[in-house]
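The block underneath contains the structure these notes are about, expressed in structure tokens.
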Amino acid sequence: MSNATKEVVLETKGITKRFPGVLANDRVDLTLHKGEILALLGENGAGKSTLMNMIYGLYHPDEGDIWVKGEHVRLQGPRDAINRGIGMVHQHFQLVPVMTVAENVILGEEVTSGGRLDMRAAQRQVQALSQKYGLAVDATAVIEDLPVGTQQRVEIIKALYRNADILILDEPTAVLTPQEANELFRIMRDLTAQGVSIIFITHKLKEVLAVADNIGVLRRGQMVGTADPETATEASLAELMVGRKVLLRVEKSDAKPGQTVLEIRDLQVKDDRGQMAVAGASLEVRAGEILGVAGVQGNGQREMVEALTGLRPVESGQIFVNGRESARFSPRQVTEAGVAHIPEDREKHGLVAAYSIADNMVLNRYYQRPFANGLALNREAINENSQRLVEEYDVRTPGITTHARSLSGGNKQKVIVAREFSRPVKLLIANQPTRGIDVGSIEFIHKQIVTQRDRGVAVLLISAELDEVLSLSDRVAVMFDGRIVKTLPIAEATRERVGLLMAGSDQ
Ligand SMILES: Nc1ncnc2c1ncn2[C@@H]1O[C@H](COP(=O)(O)OP(=O)(O)OP(=O)(O)O)[C@@H](O)[C@H]1O
Ligand SMILES: [Mg+2]
């Protein structure tokens, strides 16, 4: 059925939203048809989340109009949006970790029987919804015990429980494994087949081409165009988003490895639940090379990185940085030993939300020259450093005094990357360095990683994106079940071979 004959379920016209110093949305028109998946693309800071937050009633537009199922609305808040059938799954889940699936789903919407909470009835309803839409989940499970992909299903069930038939998914695949992402796409198709309409935000162009019925592109707050997934390519979408051609591959020469900078021997590290997540891992990274760790998330990568950076205790085994035993180092000692770290969880370990961009840019060096002279901070040097990095890394912000909290997701990540890349270091540990980053900025960050390598920095890259590992690494280490099961030179690391090793087959 062509769009012309499909019912319009959501429409915005001339939506404008300003924040101090920023025109976040500039007269945006958007149309969503019944049963369609509309992908919304755009660079970091283009205004995607802002637009969605207005449709969900969290922000009010300064100008413009919204129609929901033909009715002109002025949404009073999320409750109002929910009552009109709009549901939103935010990138940072809003579930209560210690409560069960059923408890989370009914939170704020409790089923009562004679004034008491009827948990049985709630569980039955959750079960019914999960069956109807193929959202496999155990209603009695406790949230913190579930993998991320399942937690996300709970968020979707929560929206459906409130009768959502317009679903907003803001970067739902950023934290999913490729398997979990494919499962989500199947669920999305099941939902649209039953009349649900979906707005889907992602930076992964392959995903857009695989699932979208329609594509809208925002650039600097304006809707600059739409594209047809039948005829669009990754390159054409990238160009439409960024406004220039983007190199989707990494260009680099062969590595010239020097001395060993990082050595890990038989490392054992426990996870939060006391299980041995890293169970005897060994690897080494030499100066001037990129060692990429490939693996399905949850095979000990996170715990290994946290142990390397002093954020998690080591049970046994050894870590050497430049020949110095550093397994018992604090995070500050690790930093001072010449190690840079791009953390997986930027909200938790990367930034201080209430600090300015300028202060975040010197977070681990503010007490050193030139940023401090003895006890006095040198504001001028701190500001000059930050101004330069904001320009170089294209951080979209009104200024360097803006708080990290008000940056868009991808721009937060850029601040961390800029800070960690601008220190003179021996070892760079990059965990999911481009998560949530737009294609144009990925190109830039990849170039920076190669530049660091060519300057003689040892790079340990951990990424859930196999494409990223294969295109950047000089050697590939495959992590499975807490161990490095194989290390291959890049020439031997074919997709198939690495994929089999990641699945636990000992090739
Ligand atoms: N609460 C806020 N206060 C001030 N500025 C904000 C706020 N929310 C968003 N902005 C600004 O509005 C602009 C658009 O941000 P938005 O979060 O919508 O971008 P986005 O397209 O979702 O980007 P990303 O891909 O990085 O998530 C950015 O310049 C951002 O800094
Ligand atoms: Mg966003």
Is it fair to say residue 199 is more than 15 Å from residue 151 (Cα to Cα), assigned by TED's automatic domain parsing to the domain that holds residue 86 and within 13 Å of ligand 2 (Cβ to nearest atom)?
yes
From (1) at pLDDT 95 or above; (2) within 12 Å of ligand 1 (Cβ to nearest atom); (3) in contact with a strand residue (DSSP E or B) (Cβ under 6 Å, 6 or more places away or on another chain); (4) of a type in the set (S, T, N, Q), pick out the condition that doesn't hold for residue 12.
(2)
Could you tell me which numbered condition residue 153 fails, if it satisfies all but one of (1) touching a Leu at 6+ places or on another chain (Cβ under 9 Å); (2) of a type in the set (D, E, K, R); (3) within 16 Å of ligand 1 (Cβ to nearest atom)?
(3)
In the stretch 277-350, which strands (runs of 3 or more DSSP E) lie fully inside it and hold 1 or more residues that are touching a Pro at 6+ places or on another chain (Cβ under 8 Å) and within 29 Å of residue 147 (Cβ to Cβ)?
339-342
Options 75, 95: the member that is free of Cβ contacts under 8 Å to residues at least 24 places away in the same chain, in the same structural domain as residue 211 (by TED's automatic domain parsing), more than 16 Å from ligand 1 (Cβ to nearest atom) and out of contact with any Ser or Thr (no Cβ under 8 Å at 6 or more places or on another chain)
75
Residues that are within 16 Å of ligand 2 (Cβ to nearest atom), of a type in the set (A, V, I, L, M, F, W, C) and either crowded, with 16+ Cβ neighbours inside 10 Å or within 23 Å of the chain's Cα centre (by Cα) (or both): does the stretch 57-77 have at least one?
yes
Search result, residues across the stretch 437-472 that are within 16 Å of ligand 2 (Cβ to nearest atom) and either in the same structural domain as residue 171 (by TED's automatic domain parsing) or over 18 Å from residue 249 (Cα atoms) (or both):
none
Filter result for residue 504 (among the small types (Gly, Ala, Ser) and under 19 Å from the mean Cα position of the chain (by Cα)):
no
Within the stretch 192-269, considering only strands (runs of 3 or more DSSP E) that don't extend past its boundaries, which have at least 2 residues that are free of Cβ contacts under 8 Å to residues at least 60 places away in the same chain?
222-227
Criterion first (surrounded by fewer than 22 Cβ atoms within 10 Å (Cβ to Cβ), farther than 21 Å from residue 237 by Cβ, aliphatic (A, V, I, L, M) and within 16 Å of ligand 1 (Cβ to nearest atom)) does residue 30 satisfy it?
no
Before we move on, is residue 182 within 30 Å of residue 47 (Cα to Cα), away from ligand 1 (no atom under 16 Å from the Cβ) and out of contact with any helix residue (DSSP H, G or I) (no Cβ under 8 Å at 6 or more places or on another chain)?
yes
The listed residue being away from ligand 1 (no atom under 16 Å from the Cβ), in the same structural domain as residue 300 (by TED's automatic domain parsing) and of a type in the set (Gly, Ala, Ser), out of 372, 376, 327, 381
327
Here are 152, 179: which of them is under 28 Å from residue 119 (Cβ atoms), at pLDDT below 90, polar (S, T, N, Q) and not assigned by TED's automatic domain parsing to the domain that holds residue 439?
152
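The values are calculated or read from the model by the stated rules, or taken from the named source; none is laboratory data. Because the structure is predicted, anything quoted here is derived from the model rather than measured. Every residue, glycine among them, receives a Cβ derived from its backbone with ideal geometry; neighbour counts consider all protein chains shown.
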